[in-house]
Amino acid sequence: LFARMFYTFHNTLIPVGVNLLFLIINLSGSYYFSQSIGVSAFAIFFLVASIVQVTLLCIFSRKFLAVDFTYIRDFFFRILLSVFLMGLFVYGVTSILDFNLYLDVLVSVLSGVVVYFLLAIQLNLLQFAGLKRFKFLRKYL
């Protein structure tokens, strides 16, 4: 989406360069760490390369747009914090559970959804107009 903005300003050099850096980080990190980490290295370095790509495109877009990225940055870090805490909670729940596979997955997913929802309320992440139609959410929005 950010790359298309550069194309509207007839600037193809920045998105192509950032996408090449994305590919280099993704492929080299995945190749190097796949021997030690395994298949998880592909997901980890795709995430790392995507974060680098979006960050660089946001930095370079300041030249073309007059957008204050502090709100977006703060919102992103609140989402990142809530996802990290949810992941820790789900990891703790799955390490305690020892039922059959389906029940473990069900309890883990439901606990993750509940924890993320509670963190989203606490960190003021529920700001979307579409959620206001639910009456029980109105006092949190």
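Only one of these is open to solvent by less than 60 Å² (accessible area, probe 1.4 Å) and either of a type in the set (Ser, Thr, Tyr) or modelled with pLDDT of 85 or more (or both): Val18, Val83, Val109. Name it.
From the options Val18, Val83, Val109, the qualifying one is Val18.
When region 26-42 is examined, which residues are found to be open to solvent by less than 40 Å² (accessible area, probe 1.4 Å) and either assigned to a helix (DSSP H, G or I) or touching a helix residue (DSSP H, G or I) at 6+ places or on another chain (Cβ under 7 Å) (or both)?
Matches in region 26-42: Asn26, Gly29, Ser30, Ser34, Ala41.
Out of all the residues in region 40-55, is one or more farther than 30 Å from Phe117 by Cα and not β-branched (Val, Ile, Thr)?
no
Please verify whether Leu101 is at pLDDT below 90 and of a type in the set (A, V, I, L, M), treating the condition exactly as stated.
Spelling it out, Leu101 is indeed at pLDDT below 90 and of a type in the set (A, V, I, L, M).
Could you check how many residues of region 1-23 are under 11 Å from Phe64 (Cα atoms) and touching a helix residue (DSSP H, G or I) at 6+ places or on another chain (Cβ under 7 Å)?
The total comes to 2.
In region 43-70, what residues are open to solvent by 80 Å² or more (accessible area, probe 1.4 Å) and over 16 Å from the mean Cα position of the chain (by Cα)?
Those that are open to solvent by 80 Å² or more (accessible area, probe 1.4 Å) and over 16 Å from the mean Cα position of the chain (by Cα): Ile59, Phe60, Arg62, Lys63, Ala66, Asp68.
The values are calculated or read from the model by the stated rules, or taken from the named source; none is laboratory data. Fair warning: this is a prediction, and the values are worked out from it, not measured in the lab. Cβ coordinates were reconstructed from backbone atoms using ideal geometry, including for glycine residues, and neighbour counts include every protein chain displayed. These area figures cover heavy atoms from the full protein model, side chains too; ligands, DNA and RNA do not enter into them. Shrake-Rupley method; radii C 1.70, N 1.55, O 1.52, S 1.80 Å.
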